[in-house]
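Only the coordinates and a few stated rules stand behind these numbers; no lab work does. The shown structure was predicted, so the numbers you read here are calculated from the model rather than taken from an experiment. All Cβ positions, glycine included, derive from the backbone under ideal geometry; neighbour counts span all protein chains shown.
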Amino acid sequence: MAYGLEFTTEEKEQTLALYQKIREEIASSLHEGDEERMRHNLLQALETKQLQRNVFGLNPILLSFQTARLVVDEIGLKRDGVLAVLLRPSVEEGLMTIDEVREQFGESIARILHGLQRIQELYQKNPVIESENFRNLLLSFAEDMRVILIMIADRVNLMRQIKDADNDGAKHEVSQEAAYLYAPLAHKLGLYKLKSELEDLSLKYLEHDAYYHIKEKLSETKKSRDAYIERFIGPVSERLTEAGIHFHIKGRTKSIHSIWQKMKKQKCPFEGVYDLFAIRIIIDCEPEREKMQCWQAFAIVTSMYQPNPKRLRDWLSVPKSNGYESLHITVLGPEQKWVEVQIRTERMDEIAERGVAAHWRYKGVKSESGLDEWLTGIRSMLETSDGMEAMDQFKMDLYEDEVFVFTPKGDLFKFPKGATVLDFAYHIHSKVGSSCTGARINGKVVTIRQPLQSGDQVEILTGSNQKPKQDWLNIAQTSRARSKIRLALKETQVKEGLFAKEMLERKFKNRKLEMDDSIMQVLIRKMGFKEVSDFYRHIASGELDPTAIIEKYIELQQGDQPVTGNNVAESAANFVLENSHLSPLTTHPSEDVLVIDRNLKGIDYQLARCCQPIYGDKVFGFVTINGGIKIHREDCPNAPELKKRFGYRIIKAKWSGKGASQYAITLRIIGNDDIGIVNNLTNIISRDEKLILRSINIDSHDGLFSGNLTIMIDDNTRLEALMKKLRTVRGVKQVERI
């Protein structure tokens with residue numbers, strides 16, 4: 001019979017041997033007819049001549065048997081996991097459908113293969129696999145947790161088999177994925193043995209020289225290292241035996257990858273890494289005596305060798321989130337060398353080496369104090385025949401509130417569950433969000449309300465005439481999008497309010513009417529508006545007719561006399577207006593000017609704290625988000641940015657009127673730290689009865705002093721005179737207004 005995939009003699013022998021071993025291991029979990037159906041499918045796959053060797057020239061059938069053996073021995077999977085691994089080549093080549101798998105082998109195996117298939121599709125989108133988001137998305141795609149376990153085992157096996165492969169490009173790619181993606185996954189699962197193997201092999205293929213340099217150094221120092229370990233553990237063994245503790249001790253050399261990382265981090269040669277190995281004391285005792293005997297061993301070791309208290313790690317009382325339990329302490333051993341000692345039980349050691357498989361083996365033993373989402377889901381899955389229930393719990397714990405979506409370029413973003421197209425648009429940029437009209441998800445056009453699903457590819461659609469609406473606050477689910485929408489709405493409302501005000505003023509001029517602010521204020525209140533900004537927004541939205549407003553204004557003007565004087569609080573939007581060409585804020589010759597009464601009584605604008613304007617300063621007004629106006633100096637440090645970004649909210653302004661108001665200003669003074677200089681300064685201020693010194697703060701350093709004086713003053717003319725006097729004081733180098 002001619003096969004599309006030719007087996008070498010060695011490959012046939014290896015496959016047959018693996019088949020026998022795997023069958024023995026999982027025989028008790030197989031269903032009737034499984035073996036016959038499996039053999040039939042494998043033969044059928046070979047006869048179709050579609051199965052081909054991979055980019056490394058490796059036999060896919062042999063690879064699947066090697067991976068199956070690994071998931072049995074290292075992870076503890078049985079029938080469903082093993083059969084899914086063996087059927088995977090046929091499903092990937094299209095020789096068998098998921099439905100056919102479900103019909104022949106059941107729902108569980110079909111679900112595992114469907115998860116593997118989805119992840120294969122995810123890879124084809126080609127995102128950046130080095131990101132934490134990609135790992136998270138990978139997990140959310142895995143419908144059954146065994147999918148992740150199989151993927152890790154598959155990558156470990158592939159890394160083992162490509163040592164002699166010639167395809168350096170492909171070898172480099174799978175090694176990078178092993179380092180960035182699979183090793184961290186194995187670490188989270190507590191599969192430390194597989195994690196270390198992935199890291200070491202990836203280092204071997206990616207940084208060949210570094211790997212073999214460290215390997216050779218380890219070989220050279222092995223003899224002396226073993227001798228030192230013997231000298232260290234000899235006395236400890238005697239004391240532990242005397243205490244009646246059943247144990248064995250072994251030395252564990254750091255992995256090559258760990259040594260390389262430490263060399264890079266500490267920027268030292270191999271000889272500079274002092275903790276190349278750790279002594280591991282493994283105790284054999286009943287579960288209820290574990291903690292007691294571990295602490296007893298700890299007491300014995302630390303009584304014999306000086307411990308470093310800063311290097312104590314107690315993962316016995318509170319295990320790591322992935323289930324790791326152990327006591328670590330660094331002690332000063334023979335020849336004054338620091339040695340790390342790890343104390344744990346047989347159960348803890350197996351969990352440390354084999355992770356989830358060990359948890360399954362030791363089920364019923366309380367070892368989960370604060371385990372993260374991983375361990376709970378994995379252990380439950382391994383203890384039951386159905387992994388779906390555990391996967392549901394896993395997703396509920398970890399990804400109930402998260403979805404992961406792509407941009408058309410393959411960039412990956414994470415959002416809370418329920419997030420919509422609008423959230424995605426605002427995540428990209430505020431302008432994109434404010435002009436968003438919908439999106440194209442996986443090629444299909446949808447509205448801004450469409451909820452996002454993990455794996456969606458989202459392309460935002462925009463329109464030049466689109467602008468934010470109030471109901472968008474109900475569509476957006478993320479606080480980031482909502483805050484941007486609120487800001488956009490306020491800016492739009494302020495802008496529209498100013499346009500509405502200008503429009504109303506033009507209509508007054510067309511009717512040859514002069515708008516009296518006091519009458520207008522009464523009219524606005526009689527119409528039920530507490531805020532002037534609300535009044536103008538209603539005009540902008542078309543809810544109020546300007547013609548009707550003018551008619552009501554005329555009625556009010558001819559009828560009731562408006563109340564005037566300081567007993568009426570005027571609104572900021574209700575300023576006294578006059579034509580002016582004095583301010584450089586605008587190029588429009590007929591721009592209106594806000595004329596500020598220096599008394600500022602009952603008026604809805606404030607002096608900006610950033611520049612503290614006083615009467616006489618050149619100023620301008622800035623309409624704030626809440627509708628009020630802030631008065632800034634022309635030379636305010638914030639002025640350039642305000643004019644650049646919010647030009648439409650800038651209002652020309654000038655001072656008017658007489659009064660006795662005083663303004664708080666702060667002066668910065670720098671000079672030589674001479675005796676009496678502070679008295680000289682304060683005397684100048686106290687001699688002027690119209691000046692009030694509110695606070696003084698002086699610091700002295702290296703013969704110089706600097707300080708701030710806060711003074712109440714009438715206007716900028718008096719301020720200039722004061723600053724001139726202060727500069728004449730002997731020792732004063734600089735006087736400037738803050």
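Quick check on region 431-539: take the gyration tensor over C-alpha atoms, sort the square-rooted eigenvalues as a ≥ b ≥ c, and tell me if it's rounded (a/c under 1.5), prolate or oblate.
prolate
Once both labels are positioned 7 Å from their Cα atoms along Cα-to-Cβ, the gap between residue 44 and residue 680 label points is 10.5 nm. Between residue 606 and 629, 630, 631, the built amide H atoms are under 5 Å apart, and every one of these is 5 or more places off in sequence or on another chain. Sketch the reach of a paramagnetic label on residue 429 as a point 7 Å from Cα along Cα-to-Cβ, and name the residues of region 440-469 whose backbone nitrogen lies under 15 Å away. Within reach of a label on residue 429, which here means backbone N under 15 Å from a point 7 Å along Cα→Cβ, region 440-469 contributes 460-464.
May I ask you to compute the full-extension gain from residue 93 to residue 411, defined as 0.36 nm times their residue separation minus their alpha-carbon distance, rounded to one decimal in nm?
Value of the extension gain: 111.6 nm.
Going down the list 690/733; 193/264; 320/414; 291/417; 409/490; 530/630, which pairs span over 31 Å between their C-alpha atoms? Violating the 31 Å Cα-Cα cut-off are 291/417; 409/490. Using a cut-off of 17 Å between alpha-carbon atoms, which lysines can reach residue 310, once sequence neighbours fewer than 8 places away in the same chain are excluded? The reachable lysines, counting only those whose Cα sits under 17 Å from residue 310, are 337. Hey, what did region 183-297 get for relative contact order, percent, Cα under 8 Å, at least 6 apart? Contact order relative to length: 24 percent. Amide H contacts under 5 Å for residue 544: 539, restricted to partners 5 or more places along the chain or on a different chain, H placed in the peptide plane at 1.01 Å from N. Applied to region 539-546, the Karplus parametrisation 6.51 cos²θ - 1.76 cosθ + 1.60 on θ = phi - 60° returns per-residue 3J(HN,Hα) values of 5, 4, 7, x, 6, 10, 8, x Hz, with x for Gly and Pro. Scoring 42-48, 461-467 by mean Cβ neighbours within 10 Å over their residues and listing the highest first yields 42-48, 461-467.
If packing is taken as the average number of other Cβ atoms within 10 Å across a peptide's residues, how do 51-64, 286-299, 220-233 rank, most packed first?
51-64, 286-299, 220-233
Roughly how many whole Å is it from the C-alpha centroid of region 46-100 to that of region 283-309? Between the Cα centre of region 46-100 and that of region 283-309, the gap is 46 Å.
Each peptide in 421-428, 517-524, 506-513, 168-175 receives the mean, over its residues, of other Cβ atoms within 10 Å, and ordering these scores from highest gives 421-428, 517-524, 168-175, 506-513.
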